[in-house]
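These notes concern the structure reproduced below.
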Amino acid sequence: MTHQLLLLPGDGIGPEIIHEAERVIQTLTRTHGLSVELERGLIGGAAYEAEGDPLPERTLALAKAADAVLFGAVGGPQWDTIARDKRPERGLLRIRAGLDLFANLRPATLAPELAEASSLRPELVAGLDIMIVRELTGGIYFGQPREQAADRAYNTMVYSRAEVERIARRAFEIARLRGRRLCSVDKANVLEVSEFWRETVTAVSADYPDVELSHMYVDNAAMQLVRAPKQFDVIVTGNLFGDVLSDIAAMLTGSIGMLPSASLNEQSRGLYEPVHGSAPDIAGQDKANPLATILSLAMLLRYSLGETTMAEAVEAAVGQVLADGLRTADLHQPGTTPVGTAAMGDAVIRALEKTAH
Ligand code: NAD
């Protein structure tokens, strides 16, 4: 079956890192039997310059027609002073809303070779492999009513049963693809909305008897993530708590150039992107680490295309280049081999070719 993929390079280092991911896709078609049709679209500052809009109609239409979108990064200082609704970042927010991406997946994994980069002791994080599933389109960020008045302001944290059920189901299904343990994080000792969340997730768990469900308060979860992060497999939580916990988990790995992410809709179509931004300070200098984008491609293969074997092959190839001691500047440690963006891409491709059938 031929999959439809849309590449959105964006700004800054976006085109360089997407180029390396595209070469990995081409390798997979040559050596692992991947069948894809690739489209390419404009987004962010690049789209604003070309068409006066950070998300042109054509780009959104291509994204809606695609099985999955691989996104680089948007933004840069040259667009920081233009009208807010024309800014590059607005293009990303609009495409997320346009595709109804309600489930945000943020893995935090740490190759044993990179354990020294973490702010925690290596033995606490070496081999870390957790997945945070954050509800992305509901909760306090979107709840009505909301208001800022002269002497007070408020927001509303609201979740409907349907919203909690669909994120819970997605999290249980992801847990099934991994270690079959799901921890739901809330503040049910204080908030009614969290009590409702807990009851709803518990009710959904009846359909997933093979997954072990536990519950944790968010303050404890934040503490446990830095005390003993390897106790977790999959965490599911609401928009606000997930925003904070996924950044804590990201920092456990210590290297922003390594972190992929995915946002999925009901049809398991999705947008895949590195967690980092457009890094204008190093753009166009062959310095960017392409691995977060290549690992985002692995997530795309797993979660939107169902190509699990290929996803594992890409992840193994990334593991191999790290084990071989190759490091872009953001990861460089004494005793390793410094490489640029393109050489890192070359090395991943060579490792991938070795696993061809
Ligand atoms: P950033 O993530 O772009 O950069 C932070 C630091 O990390 C910089 O020193 C950068 O050089 C480094 N870095 C980031 N990615 C790297 C990589 N792959 N390899 C090596 N080093 C890397 O964050 P910022 O500096 O706060 O923002 C820069 C621009 O990116 C802004 O315009 C911001 O709005 C935008 N941004 C976009 C996204 C996105 O597109 N999803 C996310 C965050 C920020």
Study note, to complete from the structure: From the option list Arg350, Arg302, single residue qualifying as in contact (Cβ under 8 Å) with a residue 60 or more places away in the chain, of a type in the set (D, E, K, R), part of a helix (DSSP H, G or I) and away from the ligand (no atom under 11 Å from the Cβ) is Arg302
Check your understanding: Do we have any residue at all in region 191-211 that's among the β-branched types (Val, Ile, Thr) and under 20 Å from the mean Cα position of the chain (by Cα)?
Key -> no
Check your understanding: Taking Leu331, is it crowded, with 19+ Cβ neighbours inside 10 Å and modelled with pLDDT under 95?
Key -> yes
Review point. Is it true that Leu120 is farther than 28 Å from Arg176 by Cβ, surrounded by 20 or more Cβ atoms within 10 Å (Cβ to Cβ) and more than 16 Å from the ligand (Cβ to nearest atom)?
Key: yes
**Study point:** Count of region 67-93 residues which are under 26 Å from Gly257 (Cα atoms) and part of a loop (DSSP other than H, G, I, E, B)
**Key:** 6
Check your understanding: Which number in (1) in contact (Cβ under 8 Å) with a residue 12 or more places away in the chain; (2) away from the ligand (no atom under 15 Å from the Cβ); (3) farther than 21 Å from Leu295 by Cα marks the one condition that Leu55 misses?
Key -> (2)
Practice item. Could you tell me whether Ile167 is buried (at least 16 other Cβ atoms within 10 Å of the Cβ), closer than 18 Å to Phe241 by Cα and of a type in the set (Val, Ile, Thr)? Key: yes
Exercise for review: Please work out which residue is surrounded by the most Cβ atoms within 10 Å (Cβ to Cβ), limiting yourself to region 275-289 and to residues that are under 19 Å from His332 (Cβ atoms) and near the ligand (Cβ under 6 Å from one of its atoms).
Suggested key: Ala288
Review point. Right, Met344: assigned to a helix (DSSP H, G or I) and within 11 Å of the ligand (Cβ to nearest atom) or not?
Key: yes
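Applying the selection to region 30-52, what residues are away from the ligand (no atom under 16 Å from the Cβ) and closer than 26 Å to Ala343 by Cα? Outline the logic, then answer.
Start the filter on region 30-52 by keeping residues that are away from the ligand (no atom under 16 Å from the Cβ), which leaves 30-40, 50-52.
Result: Arg30, Thr31, His32, Gly33, Leu34, Ser35, Val36, Glu37, Leu38, Glu39, Arg40.
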Review point. Out of the residues in region 1-29 that are charged (D, E, K, R) and in contact (Cβ under 8 Å) with a residue 60 or more places away in the chain, which is farthest from the ligand (Cβ to nearest atom)?
Key: Arg23
Practice item. Out of Asp233, Asp219, Asp243, report the one residue that is closer than 28 Å to Leu120 by Cα, of a type in the set (Asp, Glu), within 16 Å of the ligand (Cβ to nearest atom) and outside the structural domain of Gly12 (by TED's automatic domain parsing). Key: Asp243
Review point. Which of the following residues is assigned by TED's automatic domain parsing to the domain that holds Ala292, closer than 30 Å to Leu322 by Cβ and away from the ligand (no atom under 12 Å from the Cβ): Ala115, Ala103?
Key: Ala103
Point to revise | Filtered residues of region 89-130 (kept if under 21 Å from Phe142 (Cα atoms) and not aliphatic (A, V, I, L, M)) | key: Glu89, Arg90, Gly91, Arg94, Arg96, Gly98, Asp100, Phe102, Asn104, Arg106
**Study point:** region 246-274: number of residues that are out of contact with any strand residue (DSSP E or B) (no Cβ under 8 Å at 6 or more places or on another chain), of a type in the set (A, V, I, L, M) and within 16 Å of the ligand (Cβ to nearest atom)
**Key:** 3
Practice item. Identify the single condition in (1) more than 18 Å from the chain's Cα centre (by Cα); (2) part of a helix (DSSP H, G or I) that Arg96 does not satisfy, given that it satisfies every other one. Key: (1)
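The values are calculated or read from the model by the stated rules, or taken from the named source; none is laboratory data. Keep in mind that what you see is a predicted model, and the values were worked out from it rather than measured. Counting neighbours? That spans all protein chains shown, and the Cβs are built from the backbone with ideal geometry, glycine included.
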